[in-house]
Amino acid sequence: MSSLLLCLLLAAPTAEAIVRQADRAVLGENATYTLRMTVERPGRAERVVEMRGWKKGDDLGLVRYTAPARERNTAYLRNGDSTWLYLPAGEKVVRVGPKQNFGGGDFSNGDIFRLSLIKDYDPTLVGEESLDGIPCYRLDLKAKDRSVAYDRVVYWVRRDGTFYPVRADYHTLSGKKLKSLAVSKIARVGSRERPTVLAMESALETGSRTTLEFLAIEDDVKMDDRIFTPSALEKGE
């Protein structure tokens with residue numbers, strides 16, 4: 001390691017501190033939000049779904065479809081290590097895994113409900129580099145166990161003091177790249193500026209892409225834990 005790189009790494013925040021800051025870049029500790037998901041597939045029409053979401057801490061999350069009408073009230077719930085899907089047409093709640101696709105797109109359930117990267121991965125600060133002219137920290141994240149969606153994540157985070165995520169590449173244990181995430185469109189949504197667009201592209205299927213755009217966010221919202229239960233999921237509460 002060169003003396004210059006060593007000095008830069010010594011002056012930088014720790015890997016854990018960078019990831020903790022990045023974890024809260026889009027959504028804070030507690031938040032409600034409105035989200036639009038656009039799924040692109042080669043040779044098919046775009047699929048657009050709008051949703052309402054609730055997040056409480058690192059372990060509780062709920063997303064409920066609001067449009068289109070035929071999918072309204074479809075919902076996903078995360079409570080601790082468990083995730084459920086509610087299908088209103090069949091009036092049933094089923095348990096789903098973190099590696100399954102969320103809503104037929106390129107994000108997995110783990111991507112949507114991975115409420116804390118620092119909880120699931122051990123990060124190492126590799127160095128600094130620029131992506132599209134943006135100075136970034138580059139980190140290597142290794143999964144703490146095989147239950148999470150990906151074994152390894154290469155993660156770029158802005159080093160301008162905002163700690164906004166810029167890009168993430170997701171890999172298998174053998175090193176095969178599965179997906180790439182680009183985080184963009186810094187805008188004031190809710191009470192502060194934040195990244196508002198997350199675009200996930202498959203590395204296995206050319207032209208397969210899913211974009212999440214945050215349309216509205218309300219931070220520091222008080223929520224009752226009872227909304228994050230399977231019974232409330234089925235009742236539409």
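Close amide H contacts of ASP151 (hydrogens built in the peptide plane, cut-off under 5 Å, sequence separation of 5 or more or a different chain): HIS171, LEU173. If you count Lys pairs in segment 3-235 whose Cα atoms are under 21 Å apart, skipping same-chain pairs closer than 8 places in sequence, the total is 24. Shown is the FRET efficiency for SER184 and ALA89, computed with R0 = 45 Å from the Cβ-Cβ distance and rounded to the nearest 0.05: 0.80. Taking each DSSP H run with n ≥ 4 as -39500 (n - 2.57) and averaging over every residue of the chain yields -3500 deg cm²/dmol at 222 nm.
Between the entries (1) 62, 43, 34; (2) 59, 47, 31; (3) 52, 38, 37, the label attached to Cα extents along the principal axes in Å calculated for this structure is (1).
We did not get these values from a lab; they are worked out from the coordinates using the rules stated. Treat the numbers as computed from the prediction; the structure is a model and nothing was measured. Every residue, glycine among them, receives a Cβ derived from its backbone with ideal geometry; neighbour counts consider all protein chains shown.
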